[in-house]
Every structure is written in C-alpha cells, then in structure tokens.
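Below is one structure; the comments refer to it alone.
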Amino acid sequence: MPLFALGFLLVILQPSTGQFPRVCANVQSLLSKECCPPWDGDGSPCGELSGRGSCQNILLSQAPLGPQFPFSGVDDREDWPSVFYNRTCTCEGNFMGFSCGECKFGFSGLNCTERQVKIRRNIFQLTASEKNKFLAYLNLAKNIPSQDYVIAIGTYAQMNNGSNPMFRDINVYDLFVWMHYYASRDTLLGGSNVWRDIDFAHEAPGFLPWHRVFLLMWERQIQRITGDENFTIPYWDWRDAEDCEVCNDEYMGGRHPTNPNLLSPASIFSSWQVICTRSEEYNSQQALCSATSEGPIRRNPGNNDKSRTPRLPSSADVEFCLSLTQYESGPMDKMANYSFRNTLEGFADPQTAISNPAQSGLHNALHIYMNGSMSQVQGSANDPIFVLHHAFVDSIFERWLRRHRPMLEVYPAANAPIGHNRENYMVPFIPLYRNGEFFKPSRELGYDYEYLQEPALQSFQDFLTPYLQQARQIWAWLVGAAVFGGIVTAVLTGLIRACRKKKGGTSSEIQPLLIESEDYNNITYQSNF
C-alpha cells in the first residue's frame, strides 16, 4: 500500500472497542481509578451534554464463584476492571464505547437509531476480489498502529499501584492477539509460583459469549481502519474436511517447501511475527507479555498427535452437539458432562458429551490439528486462521440458540469459574460487556451467517420472537386467566339460560339464533379477558 494511503487511513481512524483506552493510560486516571473520557462531539465526559452517557461507579456482581480459583486479591483481572478503574462511562440507549462515541452492535447512524444486519459468508463463496480484499485488510491491521488503545506490560503492583504506568503501543491485529493472551494467561503468585487453573475466556460458560464479543470487536476495528463499513468476517466450514482447505497460498498460506513447520514464502503471512507465545518464560520472570516479536507463524496441519485428535470434526459431531439441551452443567468447567458449551469447546466427546480432556473435539480439534501457533491457547490468535475458525464456531453457537431458544436465565448466574458468571464483566474489554449480554441471537447484535438465512421465515420469526418470549415468561398467568375466563363464561351462560326459563319466553322452535345485545356484550368482554 502506498505510504500516502497509509497516512490517510491513520487520519480517519475512529474510536473503537479494545483494551486500555490510551486516554486513560496515565497517572491521573489510574490513581483516581476513573476512565470517563470526553466524547469528541461535545467535549463532555461520556458525551453527557448530548445525552449519550455519564460517568458512573462500576457495579460488580456479588454472585458466588466456583471453587476453581481459591485466591482473592492476587490477580488484576479479579472483579474486572476494578483494580484499574472503578468509574467508567455508562452509555444510554444505543450508544456504546469507552466515551459513548459509538453505536451498539447492530445499530448505525448519527444517533445510532438505524438497525442493520450484516452477513458473514463462507470464505469459499467470496469472489477473488473479495477474498483478496480480506487478505489485504488482515495485512493492513498487522501493520497499522492502534490509535485508541495501548496494552499493559506490567501488573498493577509493578506499576506501583498506578503511579508508574507501564503501557506500550501495539498494531491493530496484535492488540487482539494480546487480549486473547491476557484473558487466558496464568496468575502470577510471586517468586516462581503461578496458578494455571484460570482462564477468563475458555473452559467455562463464557467461552462462547467472550469469543462472540472478540469477533464483533475485531470486525468493527477492520471496518474502522479500512473505511469499509460493510466488511464482515468470513468463516471456514470445516465439517467433514479431509485436510486444511484454507492452507494454501491463495488463502491463508501454504506449507513452506523446505520447512514443513513454516508458511510458504509466497504467502503474505509468512512475514508475520508472532507475540505472546512464551508463557513459561513470562511465568518464570513473573512478567506479562510485552508484545515483542517472537518469530514467524508456525503451522504444520495434520502432523499433530493423532491419539489426541485423530481427525477433523464431522457433520455428525456438530449435529450431536446441537442436540444437547443443556448449555452448561455440573462444575461448569472442562469436566462438565452433557454440556453444549463443553462439547462444542472440545473437552467432551462429540459422540457422547462425556468429558474427556485427554481428547480434543470440535473447536479444540481444529487448534490441535494446525500443529503450530494455533495449538497454544494464549498465542493462538497469532494465526489468522483463528478468526475463520471462531466465526464458524460462533455460527454453531448461533444454531443452538435458534434451535433451543433459551431464556437468559439458562446462562449461569452463580458458581461458575471466576469471570464466567452471567453478570461478570469480560476480561479485558473496555468498554465493559457482561457475559449474559451476548447470550442472544446474532441478528440482535447486527449480523447473521449466510448458510443460516431463511429470508421469508426469518423475518416472520423476528417479528414473533419478542412476543413468544414474553408469553413464555407469563404462561402460568395466561393459563390461569383462561381457566378463570372459562369459569365466568360458563356461569354467565347458566344464568342466562335460567333467566330465560323463568321468563317462559319463546319456545325452542322460534328462539332467535343470536343472543340479545346486552348478553352478547357481557360474553365478549369475558372472552377477551
């Protein structure tokens, strides 16, 4: 891309969603624990003068957590984001963003009043120009710095409780790699001690909502830096695939001719450098990933441990997973049985739904199969196949939501692993999002999948869905009202007949076919009730 074009893009960058807002990564914000930047539109904090939002205390969930993390006050991510900030912007209506300067997912326009639904498509259904544009967008994101966000390269304690900020710049693509790392990293306990059984984005109920938000944010960021508001993430439908169909130079990079662990020099991704892949090194140093380059993307698809992942997932695996009626069960972690989430994530057998962490199914199977950068949880987003893969995983989540139509209460409110209760804020996102806010159909968030569209039926379903949901919530009252109405109607009918007999009115041969107007009105009122 010409330098002047790159410079132009830097000028038109808009605020977006991500990690630590640059305007709040300073001594004043950290010591005051307040991140309420002014909205550019009116210069007031959170756009308060324009009714967009206001600076409010953060309300943290008090629901009990599961037993998986037996510590308190040792990890900056506990009760996110209260270690860093306890006051942030609370946006009104359809406004969103760390300064309330954006629209919620699914809305657009100056006042965020225009609904929109964009379609994510199969990568193999894109035209050559659309596919090339997608690859160019990926490469641009890897080479353009984030204007609005920085990353933390030290813990809050290492920052001397805010008086010594430790942040650094990062490019747009690596910002998301770093966020995935930060959510899944181990807890540093001091010395050489760490706690590994913790993950704010995996192995628990929040796995699917967290990655849903991650993709929405990533998608919006690409729209921002390119000016292409219609961009959507393509997906790779890997069901029944015999090999990595996207692992060629036309798409996501083929195999290197002399080193099977590297990408072909003909691929633009062969020059990419990975970050946040050396977890043991960070742990031994009691340090965070600083996003320095750590070598090229590694990938050797199919040459993985076959005893753990013998094959790629099948259509039958997906269909069985979709048949499971429980979203979550038991301990709500990777040992959960008959859990849709745990089966889709890949810790439960896709043919029995019984937990078996020694095997990797569905989502996990793809990561292990790639046999490289994607196979290590913390650094897996370094490989751009990550977004194609997770877009398809999200589509399976969407299919389950549409098939079973769960109420919000199906998502666990308490006793899930740390960070995964319904009202917990997702780590490490600012602005703040709760897990339960994304346990809803994708069309309510402004997107759909090409292979899930049913145009005529879908519009009718969209119209009926809110009414059906309300009816499900008050069904007991409706049944009771119907029974009561029936009883009253029966009593009135009996009284009417008795009155007629008393009057000794017309005989059966000459009775009118219609009830007299006064009685008709009474019955109609009761029927409506």
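The values are calculated or read from the model by the stated rules, or taken from the named source; none is laboratory data. These numbers come from a predicted model, not from an experiment. Backbone-built Cβ (ideal geometry, glycine too); neighbour counts: all protein chains shown. Just so you know, the surface numbers come from the protein's heavy atoms only, side chains and all, with ligands and any DNA or RNA stripped out. Shrake-Rupley method; radii C 1.70, N 1.55, O 1.52, S 1.80 Å.
Couple of notes before you dig in:
- For Ser44, the residues whose modelled amide H falls within less than 5 Å of its own, excluding neighbours fewer than 5 places apart on the same chain, are Trp39, Leu49.
- Neighbour cut-off at most 16 other Cβ (10 Å), DSSP loop, GluC sites (Glu not before Pro), the range 243-339: Glu245, Glu250, Glu294
- Near Cys103, the amide H atoms lying under 5 Å from its own belong to Met96; only residues 5 or more places off or on other chains count, and H is placed 1.01 Å from N.
- Taken over the range 119-452, lysine pairs spaced eight or more positions apart, or on distinct chains, with alpha carbons under 25 Å apart number 4.
- Taking 0.36 nm per residue of separation and subtracting the Cα-Cα distance, full extension of the segment from Ser32 to Glu229 would add 67.3 nm.
- Modelled label positions at Glu450 and Glu250, each set 7 Å beyond Cα in the direction of Cβ, lie 1.4 nm from each other.
- FRET E, pair Glu130, Asn160, Förster distance 41 Å, beta-carbon r, rounded to 0.05: 0.25
- Global geometry of the range 119-452, whether rounded, prolate or oblate, following the gyration tensor of its Cα atoms and the 1.5 cut on a/c: rounded
- Amide H within-cut-off set for Gly206, under 5 Å, with H built and near neighbours excluded: none
- Chain lengthening between Ala266 and Met407 when straightened (0.36 nm per residue, less Cα-Cα): 45.9 nm
- Paramagnetic reach from Ala63 (point 7 Å along Cα→Cβ, amide N under 14 Å) across the range 70-111: none
- Accessible surface for Ser61 stands near 30 Å², nearest 10, in the context of the full protein assembly shown (1.4 Å probe).
- DSSP-assigned coil residues among trypsin sites (Lys or Arg not before Pro) in the range 355-403, each with at most 13 further Cβ atoms within 10 Å: none
- Qualifying trypsin sites (Lys or Arg not before Pro) in the range 49-117, DSSP loop, other Cβ atoms within 10 Å at most 12: none
- Theoretical gain in end-to-end length, Leu110 to Phe71 [0.36 nm per residue, Cα-Cα removed]: 9.5 nm
- In range of the label at Gln286: residues from the range 171-212 whose backbone nitrogen is under 13 Å from the point 7 Å along Cα→Cβ: 188-195
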